[in-house]
Amino acid sequence: MEMHQIRYFLALCQELNFTRAAKRCHVAQPSLTNAVKRLERALGAALFERRPNSTRLTAFGQALRPHFELLDQCANKARREAERFLGRARAKRRLARAARGSTSSGKSGERASC
């Protein structure tokens, strides 16, 4: 099970249409379809009932949807925290470099005072 499969599943839950879900995920429709099929195989049951003119969640898909939504929320939160952390770390390094590079008297080796 991979995060992109979970995100495709969630998009398909909202759209109930493979083409619209693929557009929403910025992927080709066959890629989304194949990813959902791989997810279903990994889980051992169909998540969607596919008919010629409609798609709907199976009972199995309905049971797993809240868990996948929580996984997606947690993954997004972890990504945002990593970005914040890395942003702070980069800012600290820039400030440290700036502090090392600036001097109060212009003489090399002296630190600037605040």
> What is the residue count in the stretch 1-55 for residues that are buried (at least 18 other Cβ atoms within 10 Å of the Cβ) and either assigned to a helix (DSSP H, G or I) or at pLDDT below 95 (or both)?
Replying inline: 19
>> Kindly evaluate A75 against the criterion of being outside any loop (DSSP other than H, G, I, E, B), at pLDDT 85 or above and in contact with a helix residue (DSSP H, G or I) (Cβ under 6 Å, 6 or more places away or on another chain).
In response: yes
> Considering only the stretch 3-42, how many residues are in contact (Cβ under 8 Å) with a residue 24 or more places away in the chain and among the hydroxyl-bearing types (S, T, Y)?
Replying inline: 1
> Do any residues in the stretch 62-83 that are closer than 18 Å to V36 by Cβ and in contact (Cβ under 8 Å) with a residue 60 or more places away in the chain have Cβ atoms under 7 Å from those of residues that are of a type in the set (D, E, K, R) and in a helix (DSSP H, G or I), where the two are at least six apart or on different chains, and which pairs are they?
Replying inline: D72/R7
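The values are calculated or read from the model by the stated rules, or taken from the named source; none is laboratory data. Computed from a predicted model, the values in this text were never measured in an experiment. Note that we place each Cβ from the backbone using ideal geometry, even for glycine, and neighbour counts take in every protein chain shown.
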